[in-house]
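Note sheet for the following structure.
The values are calculated or read from the model by the stated rules, or taken from the named source; none is laboratory data. Worth saying up front: this structure is predicted, and the values here are computed from it rather than measured. Quick reminder, even Gly has a Cβ in these numbers, built from the backbone with ideal geometry, and neighbours come from all protein chains shown. The protein model used for the area step is the full one, side chains on, heavy atoms only, and it has no ligands, DNA or RNA in it. Shrake-Rupley method; radii C 1.70, N 1.55, O 1.52, S 1.80 Å.
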Amino acid sequence: MSMLPQLFFGYFAFAIIVLSLLVITRKNPVHSVMWMLLLFFHIASMYLFLNAEFIAAIQVIVYAGAILVLFLFVVLLLNLKEELESARFVGSWPAAVLISGGIFVGLAASMLSVSLGPKGNFTVDLIQRVTHTKVLGQILYTEYLFPFEIASLVLLIAVVGAIVLAKKRMRSH
Amino acid sequence: MPFLMPDLGPVMPELVMTVLALFILMADLVIKRKETVALLSIAGTAGVVMLLPGALGTTFNGMVLSDGYSMFFKFIFLLNVILTVLISIKYLSIERVNFGEYYALILFSTIGMMLMASAGDLIVLYLGLELMALSTYVLAGFIRYDIRSNEASLKYFLLGAFASGFLLYGISLIYGLTGTTDIRMIAGYLGRGGFSGNPMLIISMVFFAVAFSFKIAAVPFHMWAPDAYEGAPTSVTAFMSVGPKAAGFAVLGRVFLTAFGSMQADWSIILIPIAILTMGVGNIVALSQTNIKRMLAYSSIAHAGYALLGIIAGTQDGVASVMLYMLVYAFMNIGAFGVIIMLRSENFKGDNISDFEGLAKNHPLAAALMLIFMFSLTGIPPTAGFMGKFYLFMSAINAGYLGVVIIAVIFSAISAYFYLRIVMLMYMKEPKGEIVLSTSPALGLALAITLIFVLFIGVAPSIFLDLAKAAAATF
């Protein structure tokens, strides 16, 4: 019985890594996007597994639902035939593999000596009792009100920026 | 969980600035003359400067630390807005991109910088950084019909997003290690000892160093800077070579000296090579540039290297000298860009170094201004650049980093070649063709302000140095 959570985690962690590799190694961008869809669902499951049902729902609605559709639109604007003929990676990919491999080894090694910090108020028990959505909502509008408001400004800038960069008039008089 | 209305006093400058930015966004709809929008932005920003001294304190559960340190940086950011807007007014109509959103974006970017400077929590720091960066990405691509402006925006955006990834990874590691994202609580937790040489903490510090190095354009994370600086509208180049860089130093000081204050022995090993590489690559690659904006991009990289010395010193004097240097850099760099903007006219790009040939013959005043700013960037007395460098190097020597300072002085001497080459071209060569300067009262005012302060700080640095020292003492 106690093995079950580990098994779940092991599957999702492994699947996420494999799917990420598939996303970046496919030649056909449509395939990449489809693998990414599967990847997003696995990430959402991982959140669900961690009692974070709100984040899981957001992951599906925003990432799988909205962002991926946007990706597909962009992909459809590409010339797929041309895309399929070009090399998947630029010439300097061995350097990238080396650097990311180095970071991986460093992180993996540091995991051996990790000491977690003091635990906060939100224990697994409490979150299971009150539900994650409620806890998140409460904390977002009290303790984290200030960053929450900054995030709204960031979104506003995204809107303004999109209009500035894409509106009809290129030149003023 | 009861909700108590937080004290809004310490965030008043940010609040007023946000209202101002939203107002400018709205006013743009009804005001047809964009010069009026620019003047409103300047007036509003000047009003916010007045609010700064009254807005001290800590609020939102320690998420905002409005102390002397952040106040000094906020002053630099607001000054940056005023000077940038002054040099933009005429330039935008020459480039035919005279849209009101430009001013709103500059204000929003500055709000992000202000939030970064007074961030007491890593989440606020990150969101402030994103607000600053997103606005600047859009500004860099503001000349939509110019392919190089598009390129600048895209490169800046992609590498900035990459840097954000590093920052978030660093934050998540430090959160796992200490159980908090509050900068002062992290400092308290790490200060209890036993963390020296902790591999995860070192990786986290490396990630922070990488992310901030992107923002201040330190080598080897500077690749975006030359293309972004060259392609972006010149006024935006001036803006982003001062504002985001100063904001980067503000958070660098806050995170490394407060949160990681007890780990100085570990992180100075990370920052010293970055500083030396930055000074080296910046100064040496600048030698071979033909485009003046690109040359100033490498110069800006090199200056980040000098300023890093103050952070590495880690003392109060070091912090004060970084603050003074950022202020000085704002004046001398925007001044230099102001002269470059003057050369841009309807049918003339004026951003090649060869365009400066013989400038002194036809336009002696513009040449003299450029001469002073180039002297200041080189660090020749009696200009502010000399004083800024002097205090930086002194603080590093006093902290025991003599070797690094010697390297810095050598690179500083190398830099004289490319700065003074411009002076040589202006005064010793014959003009190639007739150059029409695009002057305006606003640009003249900006150049007058920068000139006065470059000379004033060069002769009497003590006023601003004392202010910086007092500000650093509250930190």
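Restricting attention to the stretch B:1-14, the residues that are open to solvent by 70 Å² or more (accessible area, probe 1.4 Å) and either of a type in the set (A, V, I, L, M) or in a helix (DSSP H, G or I) (or both) add up to 4. Take the conditions (1) closer than 24 Å to B:Tyr419 by Cβ; (2) crowded, with 19+ Cβ neighbours inside 10 Å; B:Leu277 misses just one of them, which is (2). B:Lys215 passes every criterion in (1) within 15 Å of the chain's Cα centre (by Cα); (2) open to solvent by 10 Å² or more (accessible area, probe 1.4 Å); (3) over 18 Å from B:Gly128 (Cβ atoms) apart from (3).
Kindly check whether there is at least one residue in the stretch B:74-81 that is farther than 21 Å from B:Leu8 by Cα, within 14 Å of another protein chain (Cβ to nearest Cβ), in contact (Cβ under 8 Å) with a residue 40 or more places away in the chain and not small (Gly, Ala, Ser). The answer is no; no qualifying residue exists. Here A:Gly65 clears all of (1) touching a residue at least 12 places away in the same chain (Cβ under 8 Å); (2) within 24 Å of A:Gly137 (Cβ to Cβ); (3) open to solvent by less than 40 Å² (accessible area, probe 1.4 Å) except the condition numbered (1). The condition of being part of a helix (DSSP H, G or I), farther than 25 Å from B:Tyr329 by Cα and of a type outside the set (D, E, K, R) holds for only one of B:Ala27, B:Ala104, B:Ala38, B:Ala43, that being B:Ala27.
Considering only residues in the stretch B:164-210 that are surrounded by fewer than 21 Cβ atoms within 10 Å (Cβ to Cβ) and aromatic (Phe, Trp, Tyr), the one that is farthest from A:Ile103 (Cα to Cα) turns out to be B:Tyr189. Listed by first and then second residue, the pairs linking a residue in the stretch A:1-12 that is at negative phi to a residue that is open to solvent by less than 90 Å² (accessible area, probe 1.4 Å), with Cβ atoms under 7 Å apart and 6 or more places separating them unless they lie on different chains, are A:Phe8/A:Phe49; A:Phe9/A:Phe49; A:Phe12/A:His42; A:Phe12/A:Ser45; A:Phe12/A:Met46; A:Phe12/A:Phe49. Of the residues in the stretch A:114-134, none is open to solvent by less than 50 Å² (accessible area, probe 1.4 Å) and at pLDDT 90 or above.
Let's see how each residue does on (1) more than 29 Å from B:Arg148 (Cβ to Cβ); (2) open to solvent by less than 10 Å² (accessible area, probe 1.4 Å); (3) at pLDDT 95 or above; (4) among the acidic types (Asp, Glu):
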residue	(1), (2), (3), (4)
B:Tyr325	yes, yes, yes, no
B:Val328	yes, yes, yes, no
B:Ile334	no, yes, yes, no
B:Ser345	no, no, no, no
B:Asn352	no, no, no, no
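One residue is enough: does the stretch B:118-134 have a residue meeting the conditions β-branched (Val, Ile, Thr), under 22 Å from B:Pro233 (Cβ atoms) and either open to solvent by 10 Å² or more (accessible area, probe 1.4 Å) or touching a helix residue (DSSP H, G or I) at 6+ places or on another chain (Cβ under 7 Å) (or both)?
No, the conditions are met nowhere in the stretch B:118-134.
Within the stretch B:69-84, how many residues are open to solvent by less than 10 Å² (accessible area, probe 1.4 Å) and in contact with a Ser or Thr (Cβ under 9 Å, 6 or more places away or on another chain)? Summing the residues that are open to solvent by less than 10 Å² (accessible area, probe 1.4 Å) and in contact with a Ser or Thr (Cβ under 9 Å, 6 or more places away or on another chain) in the stretch B:69-84 gives 10. Scanning the stretch A:102-113 for residues that are open to solvent by less than 50 Å² (accessible area, probe 1.4 Å) and more than 8 Å from chain B (Cβ to nearest Cβ) gives A:Gly102, A:Ala108.
Among the residues of the stretch A:24-43, are any at pLDDT 90 or above, closer than 22 Å to B:Leu173 by Cα and not aliphatic (A, V, I, L, M)? Looking for residues that are at pLDDT 90 or above, closer than 22 Å to B:Leu173 by Cα and not aliphatic (A, V, I, L, M), one finds none in the stretch A:24-43, hence no.
Given the structure, is A:Val159 at pLDDT 90 or above, more than 9 Å from chain B (Cβ to nearest Cβ) and open to solvent by 70 Å² or more (accessible area, probe 1.4 Å)? Yes, satisfied. In the stretch B:30-68, which residues are farther than 26 Å from B:Glu101 by Cβ, surrounded by 19 or more Cβ atoms within 10 Å (Cβ to Cβ) and within 14 Å of chain A (Cβ to nearest Cβ)? Result: B:Thr59, B:Phe60, B:Met63, B:Val64, B:Leu65, B:Ser66. Could you please find all residues in the stretch A:75-97 being within 14 Å of chain B (Cβ to nearest Cβ) and open to solvent by 70 Å² or more (accessible area, probe 1.4 Å)? A:Val90, A:Ser92, listed by residue number.
Take the stretch B:138-163 and flag every residue that is of a type in the set (Ser, Thr, Tyr), open to solvent by 10 Å² or more (accessible area, probe 1.4 Å) and part of a helix (DSSP H, G or I). Passing the criteria: only B:Ser153.
Evaluating B:Lys432 against the criteria (1) buried (at least 19 other Cβ atoms within 10 Å of the Cβ); (2) among the basic types (Lys, Arg); (3) in a loop (DSSP other than H, G, I, E, B) leaves one unmet condition, (1). Based on what the data block shows, is B:Asn98 part of a loop (DSSP other than H, G, I, E, B), farther than 18 Å from B:Pro233 by Cα and within 7 Å of another protein chain (Cβ to nearest Cβ)? Spelling it out, it is not the case that B:Asn98 is part of a loop (DSSP other than H, G, I, E, B), farther than 18 Å from B:Pro233 by Cα and within 7 Å of another protein chain (Cβ to nearest Cβ). The lone criterion from (1) open to solvent by 10 Å² or more (accessible area, probe 1.4 Å); (2) outside any helix (DSSP H, G or I) left unmet by B:Ile89 is number (2).
The residue pairs whose first member lies in the stretch B:436-463 and is in a helix (DSSP H, G or I), whose second member is surrounded by fewer than 19 Cβ atoms within 10 Å (Cβ to Cβ), and whose beta carbons are closer than 6 Å, counting only pairs six or more residues apart or on different chains, are B:Gly458/B:Pro382; B:Val459/B:Pro382.
Considering only the stretch B:101-114, state which residues are within 10 Å of chain A (Cβ to nearest Cβ), open to solvent by less than 10 Å² (accessible area, probe 1.4 Å) and touching a residue at least 40 places away in the same chain (Cβ under 8 Å).
Hits for the stretch B:101-114 are B:Tyr102, B:Ala104, B:Phe108, B:Ser109, B:Ile111, B:Gly112.
Among the residues of the stretch B:179-203, just one is under 28 Å from A:Asn121 (Cβ atoms), more than 9 Å from every other protein chain (Cβ to nearest Cβ) and polar (S, T, N, Q), namely B:Thr181.
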